[in-house]
Amino acid sequence: MENDSEIFERNCPESYNITHGKFCVAFIQNKHNHSAAKQLCAKDGEKIINFDTKERYEMAKTFAVTNQIHIQGERRVAGGPFYDDKGGLPLKRPFFEWVSGQPDNGPSVSVVLVFGPTGYYDTSAGNAYPVLCEVRI
């Protein structure tokens, strides 16, 4: 007889870690631009972390202690809102908070969200940061 925890752990890739809150994540310290970060996470069906819940947001703070990390959130049109991969609006979430002085990259369409120890930043999609990949089981 299997329980949910055993099934979850078996489906979390070996190179990933299961966090305290039962999230299956991999922190990639090497810096990548946003496109390369998405490709890196997608190689085994994973995605860049999406802060669609307060629990994921809180968990990711432990990985962003000294870094800014790529997260889901990019503009589809110049000056438009940021969307995650599911079409959600990160800026509408109650735990969304810009870092002081942000956003600062203007209305460019090539702007994406990154996350640091004190909140959200906007940056060019070409800038390189570590990435937090997640497998949703």
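Compute the longest continuous run of the chain that contains no exposed GluC sites (Glu not before Pro); treat a site as exposed when its DSSP state is not H, G, I, E or B and it has at most 13 other Cβ atoms within 10 Å.
After excluding every exposed loop site, the longest remaining stretch is 15-96.
With each label point set 7 Å from Cα along the Cα-Cβ vector, what nm distance links I137 and D85?
Each label point is offset 7 Å from its Cα along the Cβ direction, giving 1.8 nm.
Just how far, in whole angstrom, is region 23-42 from region 119-133 if you go by their alpha carbon centroids?
Using only Cα atoms, the two centres lie 10 Å from each other.
Roughly speaking, what is the stretch gain from Q39 to S124, that is 0.36 nm per residue apart minus the C-alpha to C-alpha distance, in nm to one decimal?
Additional length available on full extension: 28.9 nm.
Please give the net charge around D44, taking every other residue with its beta carbon less than 14 angstrom from that of D44, where Lys and Arg add +1 and Asp and Glu add -1.
+1
Looking at region 62-135, which trypsin sites (Lys or Arg not before Pro) are DSSP coil and have at most 14 other C-beta atoms within 10 Å of their C-beta?
Listed in order of number, the matching sites are R76, K86.
Computed on alpha carbon atoms, what radius of gyration and Dmax characterise region 1-107, expressed in Å?
My reading of the Cα-based Rg and Dmax gives 15.4, 55 Å.
Assuming a ≥ b ≥ c are the square roots of the Cα gyration tensor eigenvalues, decide whether region 96-137 counts as rounded (a/c under 1.5), prolate (otherwise, with a/b larger than b/c) or oblate.
Oblate shape, in that a/c is at least 1.5 and b/c is the bigger or equal ratio.
Values quoted throughout were computed directly from the atomic coordinates according to the rules given, and no laboratory measurement underlies them. Note that the structure is predicted; figures quoted are calculated from it, not measured. Neighbour counts run over all protein chains shown; Cβ positions are idealised from the backbone, glycine included.
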